Amino acid sequence: MLVVVTASGAVPEEGRILNQLFEAGLQWLYFRKLGLPLRYGSKVISAVDPAFRNRIAIRTAADRENLADRFGLHRVHLTETDRSTCASNSPEVLKKAGREISTACHRINDALAMARRAHLVFLSPVFDSISKTDHPGRLEGKALPPHKGNIIALSGVMPHRFPKLIAGGYNGAAMLGYIWQCPELAAKRFKTAQQAWKNALTV
């Protein structure tokens, strides 16, 4: 499974680019914006074809209240802080409310435990980050034991690393820097990644 995480800042014509990614086959987008006003998120999601909006996961309580209700979004991403600060943020509570949940972990044992509770678990940092400087990978070469659920590799993920991820027991890959280094090439890069993932699965 391939996931795309949005750039944390504003991207020109982002709604149009997201539509291109969805048209190319993207099934799960983590809409992650840091420090931007909610009106920016509203503007971008307004530009996304309504047929694709059920593929968007948003984060934080404010986003859920202001964006989820307005646009009918049912996927929610929980950070580690979200999970620990409020009982209403537990995956079990949100699932009962009809939400699909993704969450983040930074230790293998935590990811294994959360994989039983959330739909997707992002485990990072696997490789050196593409989008952040001084953010080295810590999990490269560490294989996951057999597990239930979907553990998705995050940080430094590029198509040529897919065979390592699959061999290491990951169920998918989340891409950020690789996709957004050149936004106009985002859909093309995603298609390249799709084929590379398919090829890696058949080796």
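Nothing in this text is a laboratory measurement; each read-out follows from the coordinates by a stated rule. Predicted model, so just to flag it, every value in this text is computed and none were measured. Every residue, glycine among them, receives a Cβ derived from its backbone with ideal geometry; neighbour counts consider all protein chains shown.
See the values below:
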| quantity | calculated |
| --- | --- |
| Residue exposure sequence - Met158, Met1, Met114 - by fewest surrounding Cβ within 10 Å | Met1, Met158, Met114 |
| Ranking of Thr6, Thr103, Thr202 by count of other Cβ atoms within 10 Å, fewest first | Thr202, Thr6, Thr103 |
| Filter on Lys33/Lys95; Lys96/Lys132; Lys96/Lys198; Lys95/Lys188; Lys33/Lys96 - keep pairs with C-alpha separation over 29 Å | Lys96/Lys132; Lys96/Lys198; Lys95/Lys188 |
| Sequence of Asp82, Asp134, Asp128, Asp69 once ranked by neighbouring C-beta atoms within 10 Å, starting from the fewest | Asp134, Asp69, Asp128, Asp82 |
| Built amide H within the under 5 Å cut-off of Gly137, gap 5+ | Asp128, Ser129 |
| The chain, Rg to Rh (Cα coordinates; Rh as Kirkwood inverse mean 1/r) | 0.94 |
| Förster radius 30 Å - calculated FRET efficiency between Glu23 and Glu80, Cβ distance, rounded to 0.05 | 0.35 |
| Candidates per trypsin sites (Lys or Arg not before Pro) in region 68-137, loop by DSSP, up to 14 other Cβ within 10 Å | Arg107, Arg116, Lys132 |
| Calculated from backbone phi, Karplus (6.51, -1.76, 1.60) coupling profile of region 173-180 in Hz, x at Gly/Pro | 9, 10, 10, 10, x, 4, 6, 9 |
| P(r), alpha carbons of region 26-118 - 5 Å bins starting at zero, rounded % | 3, 13, 25, 25, 18, 11, 5, 1 |
| GNM top mover of Gly72, Gly156, Gly35 - the chain, alpha-carbon springs below 10 Å | Gly35 |
